[in-house]
Amino acid sequence: MFRLLLIFIFSFIKITIFSQVNYYKNCNNLNDTNNFLFPNEFLFDTINLFGQEKNQEFFNRRFCSAIYKNIYYSEILRKLQEPKLYRNYPNEVYRFTWQGYLATLHNPLSIRIENNNGNIIMYIKYNKKNIMVSDTLLLDKQVWTELKNKIDSLNFWEISPVEKTEIVVLDGSVWILEGKKGNLYHMVHRKSGKNKEIGEICMYLIKKSKLKIRKKELY
């Protein structure tokens, strides 16, 4: 019995090591930023809640985690046929992206607002029952002024992209707020971000989009 237990333990260790090697190898193969809609560095989380040794393995794991998050988040926007903002996008633009549970309506959801030569345009896209719904609104310049005031009062460009918290969230909705102004780009992502730093701006964009979303559906 003891011998069988040892065989099981050594087999588990061997499989685990092999899996980790393949995990890191696959990460390196996937590191093609041309296919990502977000810069990897904004998803690279080195917050160490459990006091782990910050050795090469620690950073390798976090590097891989950033890549797989980027794959997942990029796929959300690809489903909505959204452009890449952080590279060569011509207008000042802000975008809220939301992904919730599969049964939730308007899921995923993207609201992009930009200033195109003085024209304030909002693009609303979401999937409803696997059908993409798209709408475009021409907004009053006052909306842009209000949004910029909120961006400035929040000090958006200085907010940590990753959440600095002692609470580990394994599940929850995805909230992403991006901004692009000239050569300046920033991205903040939160789990269940309604009551977090970016929540007010995201809710403001939803209000101006005229989407009818029940409170319990947006969490």
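Across segment 113-131, a minimum of one residue is classified as modelled with pLDDT of 95 or more, touching a helix residue (DSSP H, G or I) at 6+ places or on another chain (Cβ under 8 Å), more than 17 Å from residue 207 (Cβ to Cβ) and not basic (Lys, Arg).
Of all residues in segment 111-139, those that are among the polar types (S, T, N, Q), more than 21 Å from residue 74 (Cβ to Cβ) and not in a strand (DSSP E or B) total 1.
Just one of (1) surrounded by 11 or more Cβ atoms within 10 Å (Cβ to Cβ); (2) free of Cβ contacts under 8 Å to residues at least 60 places away in the same chain fails for residue 105. It is (2). Is there a residue in segment 173-187 that is over 20 Å from the mean Cα position of the chain (by Cα) and of a type in the set (Gly, Ala, Ser)? Yes: segment 173-187 contains one or more residues that are over 20 Å from the mean Cα position of the chain (by Cα) and of a type in the set (Gly, Ala, Ser). Checked against the criterion of being among the hydrophobic types (A, V, I, L, M, F, W, C), surrounded by fewer than 19 Cβ atoms within 10 Å (Cβ to Cβ) and in contact (Cβ under 8 Å) with a residue 12 or more places away in the chain, segment 73-94 has no qualifying residue. Of the numbered criteria (1) of a type in the set (Lys, Arg); (2) surrounded by 13 or more Cβ atoms within 10 Å (Cβ to Cβ); (3) at pLDDT below 90, the one residue 216 fails is (2). Here is a check on your reading of the model: is residue 126 surrounded by 17 or more Cβ atoms within 10 Å (Cβ to Cβ) and touching a His at 6+ places or on another chain (Cβ under 6 Å)? For residue 126, the condition - surrounded by 17 or more Cβ atoms within 10 Å (Cβ to Cβ) and touching a His at 6+ places or on another chain (Cβ under 6 Å) - is met.
Give the residues of segment 87-110 that are in a loop (DSSP other than H, G, I, E, B) and either over 16 Å from the mean Cα position of the chain (by Cα) or outside the structural domain of residue 141 (by TED's automatic domain parsing) (or both), sorted by residue number. Within segment 87-110, 87, 88, 89, 90, 91, 102, 103, 104, 105, 106 qualify.
The values are calculated or read from the model by the stated rules, or taken from the named source; none is laboratory data. Note that the coordinates shown come from a computational prediction; the quantities given were computed from them, not determined experimentally. Glycine gets a Cβ as well: all are built from the backbone with ideal geometry, and neighbour counts include every protein chain shown.
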